[in-house]
Amino acid sequence: MSSVKLSLAVGGVLLSLASPAFAGDTSQPLPFDILFGTKIANEYNLRSVSQTQGDPAAQGYIEVDFKNGLYAGFFSSNVNFDGTNPYAEFDYYGGIRHTWDPLSLDVGYVYIDYQGEDQGHQLDFWKIYGVGKYALTPDLTVGANIYWSNSFVGYNGIAGSHSSFFAKRTLPELRLPHDIGSYVSGEIGHQWVSDDFAPGYTFWNVGGGFTYKAATLDLRYTGSDLSDSECVLFIGQADSCGNRFFMSLSFDTSLNQLK
């Protein structure tokens, strides 16, 4: 089974598990909500580096959110890069998030599990993270995040971290028809790796998109200051870095929204 077919299959299973039938009798309020979604994109682009060598990506996720702010989830995507040659990425994550009027804070843990790796060193590793968002106005939100691990791509004792600042503004003044929404957003960040194990670099993206009910079409341009040789050191091939355009179509909903 190809990696894209695997990710589509996983996404289909996640959607079927989170269907209204899975909820059973919802006449009584549940102490939790289940969020789920799928995405197709022209590539899996992560911090301005393609994880699929420019090939299309299919992704899916499911997340359980409790009323006390705790959450746990699972994400999957096909991947394609040299080194140990995995064909898929499975992320298992959990944490706690709360919102106080305009301020939202989120802290958690994620384990990145690569599927189908060659014999030898495994790239699987973990991160802890923190994310903060602040709504300056009803239409403009700014935020920052930081992720850290001392097991960068599976090497114990090698610390890796990345952090970014981001902003998003909805565009109600466009007054698009039929409940279509629109937005613009951007991000700039940096990755650090200890002991010169891999190059540190600055990454950025800018773009916008359109929303309609559960669907989002996102159009984005991204880049970094990685050279070709640094890109080879980082992910195994030079053509996965450099300025590029990518687009995605996603569908996101929850059991509460389906009621």
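Restrict the check to region 186-200 and report whether at least one residue is surrounded by 17 or more Cβ atoms within 10 Å (Cβ to Cβ), at pLDDT below 95 and among the aromatic types (Phe, Trp, Tyr). No, region 186-200 contains no residue that is surrounded by 17 or more Cβ atoms within 10 Å (Cβ to Cβ), at pLDDT below 95 and among the aromatic types (Phe, Trp, Tyr). Annotation note: of Ala135, Ala214, the sole residue that is over 30 Å from Gly83 (Cα atoms) and in contact with a Leu (Cβ under 9 Å, 6 or more places away or on another chain) is Ala135. Note on region 214-239: among residues that are farther than 20 Å from Ile188 by Cβ and at pLDDT 95 or above, the one that is surrounded by the most Cβ atoms within 10 Å (Cβ to Cβ) is Thr216. Here's a check for you: in region 221-259, which residue that is touching a residue at least 40 places away in the same chain (Cβ under 8 Å) and among the charged types (D, E, K, R) is farthest from Ser194 (Cα to Cα)? Applying the filter and picking the extreme gives Lys259. Contact map, region 121-143: first residue in a strand (DSSP E or B), second residue modelled with pLDDT under 95, Cβ cut-off under 7 Å, separation 6 or more or different chains; pairs are Phe125/Ser151; Phe125/Phe152; Phe125/Val153; Phe125/Gly154; Trp126/Ser151.
Being more than 21 Å from Tyr61 (Cα to Cα) and in a strand (DSSP E or B), is that true of even one residue in region 242-251? Yes, there is a match, as at least one residue in region 242-251 is more than 21 Å from Tyr61 (Cα to Cα) and in a strand (DSSP E or B).
Annotation: of all residues in region 29-53 being over 17 Å from the mean Cα position of the chain (by Cα) and not polar (S, T, N, Q), the one that is nearest to Phe90 (Cα to Cα) is Ile34. Residue count for region 48-102 satisfying the condition of being surrounded by fewer than 16 Cβ atoms within 10 Å (Cβ to Cβ), more than 18 Å from Gly37 (Cβ to Cβ) and not small (Gly, Ala, Ser): 13. Pairs are defined by a Cβ separation below 6 Å, a sequence spacing of at least 6 or placement on different chains, a first member in region 75-88 that is farther than 13 Å from Gln53 by Cα, and a second member that is in a loop (DSSP other than H, G, I, E, B) and aromatic (Phe, Trp, Tyr); the pairs so defined are Ser77/Tyr44.
Here Thr141, Thr137, Thr202, Thr222 are screened, and the one residue that is among the polar types (S, T, N, Q) and under 24 Å from Tyr71 (Cα atoms) is Thr141. Within region 168-179, residues that are over 15 Å from Ala135 (Cα atoms) and of a type in the set (S, T, N, Q) reach no partner that is modelled with pLDDT of 95 or more and not in a helix (DSSP H, G or I) with beta carbons closer than 8 Å at six or more positions or on different chains. The set of residues in region 30-82 being over 17 Å from Thr253 (Cα atoms) and among the aromatic types (Phe, Trp, Tyr) consists of Tyr44, Phe81. Within region 188-210, residues that are more than 30 Å from Pro172 (Cα to Cα) have Cβ atoms under 8 Å from residues that are of a type in the set (Lys, Arg) in these pairs: Gln191/Arg47, counting only partners at least 6 apart in sequence or on another chain.
The values are calculated or read from the model by the stated rules, or taken from the named source; none is laboratory data. Here the structure is a predicted model, which is why all the values come from computation and not from measurement. Don't worry about glycine lacking a Cβ; one is built from the backbone with ideal geometry, like all the others, and counts go over all protein chains shown.
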